[in-house]
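Report on the structure given below.
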Amino acid sequence: MLNIFLFSSCKQERQHLFKVEGKNIEITDSLKTNQEIDAFIKPYRDHINKDLDSVLAYSVNTYSKTDGHLNTAIGNFMADAVYNEANPIFKNRTGKDIDMVILNYGGIRSIISKGHITTRTAYQLMPFENSIVVVALKGNQIDSLTNYLRLRKRAHPISKLKLVLDKNFDIVEATIKGEKINVNKTYYVATNDYLYNNGDNMRFFKPNDSLHILNYKVRNALIDNFKKVDTISPIIDDRFIQLN
């Protein structure tokens, strides 16, 4: 937007604004590249692209968040990766294990294509700067969490939690690490800071017994996991299903 300011003046009078005009200047490919600026940033651009295109792992298939009903292979991979990479950090600091992970369906922003997985893949999959946090919740709050999943009927990525619904979407089984949820137990739930702050209307995280900020981005957990596993072949499993 180009603003033009017009003033009236005379020697004995103060200037007064009497008219403001604006005009749109569209940015299109007709604008010429400033060669001097382009030459200056080229080494930095090339260095970043080299890093982004570095191969981390291999994907045996193409995975999308639309592939499943209540759980997807790509969502399962992401939730499991967060557990596998964040749990050692959490245990080293607290002496405790993470009990389960919950992320959000909308946070999966890309597919994983068959073939080479690069750092760019991780940035496309998780372009946000969301960081992992671990929240201490009582069993009755876990009930609120599972009820949220039941009502939403969406494949929010989860790990270590198993949820089975009947044909009416009522819960017939809910376990964490193979054990029934104990209302008197404290569970350590890994999620991201966006969801902790009521993102996607996940309001069951507050109040809580404690909050542990790991200073570890979800994207970095994915990158670290890609490097470790070399080849990924996640599947749609029975962690969140509906019976016929």
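Just so you know, all these numbers are worked out from the coordinates, no wet-lab data involved. A quick note: this is a predicted structure, and the numbers were derived from the prediction, not measured. Note: ideal-geometry Cβ built from the backbone for every residue, glycine included; neighbour counts use all protein chains shown.
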Local electrostatic count, LYS217, Cβ distance below 12 Å [Lys/Arg +1, Asp/Glu -1] | -3
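Fewest to most neighbouring Cβ within 10 Å: what's the order for ILE213, ILE241?
On the way: ILE213 11, ILE241 17.
Starting with the residue having the fewest Cβ neighbours, the order is ILE213, ILE241.
When a/c reaches 1.5 or more, the comparison of a/b and b/c decides; with that in mind, is segment 144-244 rounded, prolate or oblate per its Cα gyration tensor? Kindly include the intermediate steps, with their values, before the conclusion.
On the way: a/c = 1.77, a/b = 1.18, b/c = 1.50.
Oblate shape, in that a/c is at least 1.5 and b/c is the bigger or equal ratio.
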What order do you get for SER30, SER110 when you list them from fewest to most C-beta neighbours inside 10 Å?
-> SER30, SER110
Note on segment 55-242: the mean projected area of its alpha-carbon convex hull, in nm², is 9.7
Extending each Cα 7 Å along its Cβ direction at ASP238 and ARG14, get the distance between those two points in nm, one decimal.
-> 8.1
Given Cα pairs under 8 Å that are at least 6 residues apart, what percent is the relative contact order of the chain?
-> 27
Can you work out the PRE-style zone for PHE128? Point 7 Å along Cα to Cβ, and I want the residues of segment 206-242 with backbone N under 12 Å.
-> 218-219
Quick one: which of LYS42/LYS228; LYS177/LYS228; LYS65/LYS96; LYS180/LYS217; LYS65/LYS160; LYS180/LYS227 span more than 27 angstrom between C-alpha atoms?
-> LYS42/LYS228; LYS65/LYS96; LYS180/LYS217; LYS180/LYS227
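Beta carbons within 10 angstrom, averaged per residue: use that to sort the peptides 181-191, 18-28, highest first.
Details: 181-191: 17.8, 18-28: 7.8.
The peptides rank, most packed first, as 181-191, 18-28.
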